[in-house]
1. Cα atoms only, the range A:190-269: Rg and Dmax in Å?
2. To the nearest 0.05, how large is the calculated FRET efficiency for B:ALA23 and B:GLU253 if R₀ is 60 Å and r is the Cβ-Cβ distance?
3. Other chains' Cβ within 10 Å of B:236-247 residues: what's the mean?
4. Any idea what the dipole of the protein assembly as shown comes to, in debye rounded to 20, about its Cα centre with Lys/Arg Cβ at +1 and Asp/Glu Cβ at -1?
5. Tell me the mean residue ellipticity at 222 nm calculated for the protein assembly as shown from its helices only (DSSP H runs of n ≥ 4, each -39500 (n - 2.57), averaged over every residue, nearest 500).
6. Within the range B:194-292, which GluC sites (Glu not before Pro) sit in a loop by DSSP and count at most 10 neighbouring Cβ atoms inside 10 Å?
7. Using +1 at the Cβ of each Lys and Arg and -1 at the Cβ of each Asp and Glu in the protein assembly as shown, identify which of A:ALA158, A:LEU111, A:VAL6 lies farthest towards the dipole's positive end.
8. Output, in nm with one decimal and in ascending order, the distances from the A:GLY161 label point to the matching label points of the other copies (7 Å from Cα along Cα-to-Cβ).
2 protein chains.
Amino acid sequence: MSIERVAIVGLGLLGGSVGLAVAEHLPDTATTGYDTDPDVRRRATELGLVGTVCETAGEAVRECDLVLLCVPVGAMETAATALADDLPPHAIVSDVGSSKQAVADSLGRTLPKHAIVPAHPVAGTERSGPDAGFASLFSHRWCILTPPADADPAAVAALTGFWEALGAKVEIMEAEHHDLVLAVTSHIPHLIAYTIVGTASDLEEVTRGEVIKYSAGGFRDFTRIAASDPTMWRDVFLSNREAVLEMLGRFTEDLTALQRAIRRGDGEALFELFSKTRAIRRSILEQGQDDARPDFGRGDH
Amino acid sequence: MSIERVAIVGLGLLGGSVGLAVAEHLPDTATTGYDTDPDVRRRATELGLVGTVCETAGEAVRECDLVLLCVPVGAMETAATALADDLPPHAIVSDVGSSKQAVADSLGRTLPKHAIVPAHPVAGTERSGPDAGFASLFSHRWCILTPPADADPAAVAALTGFWEALGAKVEIMEAEHHDLVLAVTSHIPHLIAYTIVGTASDLEEVTRGEVIKYSAGGFRDFTRIAASDPTMWRDVFLSNREAVLEMLGRFTEDLTALQRAIRRGDGEALFELFSKTRAIRRSILEQGQDDARPDFGRGDH
């Protein structure tokens, strides 16, 4: 099974980046694209995010070997319905959504099950829209495939090859486990960041101007995450509700213990936790998942 | 009142950076330094963090116009006691601690009150120790002075000039207000980051390897903050307990509301919060307190 034509539905940060990455790494692969927003279609054409921007989803997928749905998780079912009638029988259907059980369910309602191989490239920035895309977004990042038990192995192999060609490292995982892992490494961090930024902007004793001015003390890192696309993240929390609530429960429990340690003046408990967390940082740097420069090279030194 | 000789007590990230910044921006100002750890004194000598590394705190401050205590907040009183007998009568005593009421109390117990002008440069990285210092750490960052009501205005003016010379912007604030503002913009973000990294490393269902592998989804930003110096942060939470607990209460309240919105599937409430938080990010970028590049320029694009 070879992928010679890729259709990208949804031309924002992710869809645009896939289009640009294909052009760079797989120059012989043709790309078509579609977005429900006419302004995004126009901008995608100007930016050359894909070879051909089509006026309907059906037109975009009509001759493709792979469709990638790059829309918010809550829009997957509508997007799948819009292209179902025009999908070639041999085509693989995949996506880039951040929760995987919900996506498998949404796509399975309208599309042939054997064709569906949900995927999640663990990559992104706080930007969104067609202007946010760039070709190297997936380079050295992990892409998790969550094929259902009845997925076609040839389709899984072809999709694996596709993502590896774009520079990603591929891992196969069960959808349920993916949703739990990502709840910890991505969804809860986003939820917490949104919350603290919201809390800080609603205080009476501290002005918003002060919060902004003194944000270099740590707060600014949270604002970056909390600037992520609201629609995408609303859908993530609604679609991965159970795992998010489970992990949020653990987090709250740990935070309460720490709160008690502060109230009691238990310096030993604080020191112990603050020492332990350094080891994880070291491993992340060793595995190339972050930049070791202080401030990620933000400073001018 | 002119500052011609600066004594730096504590030669880690902050103390070392002050020494290097003085050498760069105020080449005519002499610096002496001291650290209780002989290994740090040796390393500071090798790195040339200050003009002269002394063997005692008394020796370091004996001829200075300004002493800067760059030690964890919990070590301020001991450090002040060690130099009290050798402090010249005209010298200004300041510090770089992250909580300011506690520092004013600690220093006031052993040193003459009119000499004390506590300060907090809102700058840092997750690194610590003498090798972590660099001259541009304070460039374009805010430095908050919290002079008590009876502080000598000439000392406040001289210290303001000193920090401005190192590239910082200076703001005067009451110590109590400082502690509340920093609880929001720095202390709570650190506490939350330490907690989530701790939570993630203690799970049974998700391995530590998985947490590290998929950290690019948001978690890695928290690990950077959670790699900060454990002693320094233990002391911050113990010394700014009231403001931290107050702000933590607000945060927990907001998080509980969001948790309920997720449980109820209230997408509108989620969308509303996630949209609001973008405005704060924009302001931080406009005021030059962060880098607008996606991933802070981490990527290779």
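1. Here Rg and the maximum Cα pair distance are 15.3, 42 Å.
2. Values: r = 47 Å, r/R0 = 0.79.
E(calc), rounded to 0.05, equals 0.80.
3. Numbers: counts 1, 9, 6, 0, 1, 4, 2, 2, 3, 3, 1, 6.
Counting Cβ atoms of other protein chains within 10 Å of each residue's Cβ and averaging gives 3.
4. Numbers: 54 positive and 88 negative charges, 24 e Å.
The calculation lands at about 120 debye.
5. Details: 26 runs with 294 residues, N = 602.
Theoretical 222 nm ellipticity from helices: -15000 deg cm²/dmol.
6. Working: sites: B:GLU204, B:GLU205, B:GLU210, B:GLU242, B:GLU246, B:GLU253, B:GLU268, B:GLU272, B:GLU286; in loops: B:GLU204, B:GLU205.
Answer by residue number: B:GLU204.
7. Going by the charge dipole, the pick is A:LEU111.
8. Ordered by increasing distance: 7.3 nm.
A short reminder: the numbers here are calculations on the coordinates, not readings from a lab. It should be emphasised that the depicted structure is a prediction, and the values quoted were computed from it without experimental measurement. Cβ sites come from the backbone with ideal geometry, for glycine too, and all protein chains shown count toward neighbours.
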